[in-house]
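Trainee: The structure's right below; bear with me while I get my questions together.
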Amino acid sequence: MADNNVPVISARLSMQKYTVDACRAAIRGEMVPVALGLELSRLCVIRGMRYHTGFAKELHGTLPEFTRALNARAIMSNTIPDMDGSLEETPYCIWHPEVASESTYRCLVQRYPHMAYQVARACAVAGYIDLYLELEIVPDVHVAEEARECGNTVIFNHIMAASVTYSIMDDYTRSIDATNSKPSHLNGDTAVRWMLDLKQEFTRADVEDEDDFSLFTRRGFEERYLNVTEDMGIDEYTTPKRPVYDITPLLSAPLPVNLPTVEKDLLILMAAYHGDIDRYARLRRPVMIEKEVNCCVRGIYHNTMFAIWWARQSHPQSKPAAIGQAIKARYIMNNVLEPISSNDSSSLPYLISYPGLGHPSTYRELAARKPLMMPQILRACIAGNYAELFQELMTKATKPDIELLVKHQRIIDPYFRDALRRRMEELGFSLAVSSNTTPEVQLGGCSSVTIPRDASTDLVGTSFSSSSKMEFMNGLQCDVSMVELLACLPEEWKLAEGENRHVELDYVEWPLNEEKRGVSS
């Protein structure tokens, strides 16, 4: 019977169709969608499999993620499935949405010894102390974090009593590597049990069309870098944000050896923004989070050592072009042109004169090597008041060079404006040279006075705001003034937990003085 179904299932896996009812039915474990070509449809099916025993069993063996979900559900229903031991069939998370009995996990690890760490993790969730001690495994930090968050202190203390702890499990890749044990501390890289209860409501997904070249195809869900259940937390509703550990004190203090369970993304962004190699290298995730590129670019521009460190990195992701541009810019400003290769024309930085300036001889050599960079080199001459070099290079400037320079550069000094006009006359064209154009780098902008409600990545600004303390680097923008404000605020000046109102630090209405608080002197 299974063989007869294979062609039908194969066709269904390529069929793309979105309907709300089909997604809901899959989540509820009522019906498998006919069309399974959309990733959203498959996520809804996996969600249904994990929560509803017996649902979609006919999909076993069609896709690895379906098979793993069905095997996980069987284990959590106290049934040991037949598995071949491969990664395609072995589930990673076998403790959510339910845990199996201790005897089931004991039988599971006896039959499949390679699942010892999954069983240990389940013990940390359920508090199966005896079984955990029977496993005799390497003390793993992910199991420790799970035990700490689930309140199972005996298992947590047992692990932390070890002289060395290791990172064996990997919640990002859903993999286990017990052969290459890496010493590690608790670092906030574990999708602990309560995080798996944070759901996201599915939304409309676009059907792919070969004739549609839209850059904004809707997938129907938000990507999660921690996805141990393989269903992206898909559901019919979105879970309200849970109050979490306040990371504000960690922004201005050395990191503890073992991090508490925190939403550490803001810590990552701030480490990148300041170019703090130690903090960033420890905290960063194997995939770059939202706004991380912007913050890294800012850190590279302001910290040469961070630029050197990044230049030596082989990131799990391909290095974003913006980071490569920032590295080259920082080297240029340090008078080192080694990163500028002869065949490099697509990832050249435009901003090469802030926050530092290269020597005139550096810019002269750069112009000889890279004529394409003439506009930004002329811009650097203006920034550094390198009048002699500007005049020398202006004789080689083309019409496109000048058009780009005039478009993006505020030119206050009449010497440079006059030199530009003379060159335009020689080339037979004319452009208005403004002294009021908004510069790409805004120095000393006004800091935020809005009291933040809590510490989150929402406080990091990466979109244009004329009133913010924003820096623009090769088209990227970054503003952390709200984070800096929050870190400086005394506790009594902060908003109370759950208080949802707009408050500005104006020293009139806020903070309240003693008279307004009703406190007698």
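Trainee: Just for helices (runs of 4 or more DSSP H) wholly inside segment 1-115: which have at least 3 residues that are in contact with a strand residue (DSSP E or B) (Cβ under 7 Å, 6 or more places away or on another chain) and modelled with pLDDT of 95 or more?
Mentor: Those helices (runs of 4 or more DSSP H) span 39-51.
Trainee: With the requirement that a residue be in a loop (DSSP other than H, G, I, E, B), closer than 20 Å to residue 29 by Cα and either out of contact with any Asp or Glu (no Cβ under 6 Å at 6 or more places or on another chain) or polar (S, T, N, Q) (or both), what does segment 188-203 give you?
Mentor: Once the filter is applied, which keeps residues that are in a loop (DSSP other than H, G, I, E, B), closer than 20 Å to residue 29 by Cα and either out of contact with any Asp or Glu (no Cβ under 6 Å at 6 or more places or on another chain) or polar (S, T, N, Q) (or both), segment 188-203 yields 198, 202, 203.
Trainee: Additional query: Quick check on segment 278-295. Is at least one of its residues over 24 Å from residue 171 (Cα atoms), modelled with pLDDT of 95 or more and among the hydrophobic types (A, V, I, L, M, F, W, C)?
Mentor: yes
Trainee: Just one of 69, 120, 35 is surrounded by 17 or more Cβ atoms within 10 Å (Cβ to Cβ) and more than 30 Å from residue 217 (Cβ to Cβ); which is it?
Mentor: Sole residue among the options that is surrounded by 17 or more Cβ atoms within 10 Å (Cβ to Cβ) and more than 30 Å from residue 217 (Cβ to Cβ): 120.
Trainee: Looking at the structure I just gave you, is residue 245 hydroxyl-bearing (Ser, Thr, Tyr) and surrounded by 23 or more Cβ atoms within 10 Å (Cβ to Cβ)?
Mentor: Against the criterion (hydroxyl-bearing (Ser, Thr, Tyr) and surrounded by 23 or more Cβ atoms within 10 Å (Cβ to Cβ)), residue 245 does not qualify.
Trainee: Does residue 157 fit the bill of being surrounded by fewer than 13 Cβ atoms within 10 Å (Cβ to Cβ), assigned by the TED database to the domain that holds residue 20 and part of a loop (DSSP other than H, G, I, E, B)?
Mentor: no
Trainee: While we're here: Would you confirm whether any residue within segment 186-199 is β-branched (Val, Ile, Thr) and either within 30 Å of residue 164 (Cα to Cα) or at pLDDT 95 or above (or both)?
Mentor: yes
Trainee: Mind listing just one residue for me: the one in segment 214-234 that is part of a loop (DSSP other than H, G, I, E, B) and among the β-branched types (Val, Ile, Thr) and, of those, surrounded by the fewest Cβ atoms within 10 Å (Cβ to Cβ)?
Mentor: Residue satisfying both the conditions and the ranking: 217.
Trainee: Then there's this: Scan segment 262-273 and tell me whether some residue there is aromatic (Phe, Trp, Tyr), surrounded by fewer than 19 Cβ atoms within 10 Å (Cβ to Cβ) and either at negative phi or in a loop (DSSP other than H, G, I, E, B) (or both).
Mentor: No.
The values are calculated or read from the model by the stated rules, or taken from the named source; none is laboratory data. Please read all numbers here as calculations on a predicted model, not as lab measurements. All Cβ positions, even for glycine, are placed from backbone atoms using ideal geometry, and neighbour counts span all protein chains on display.
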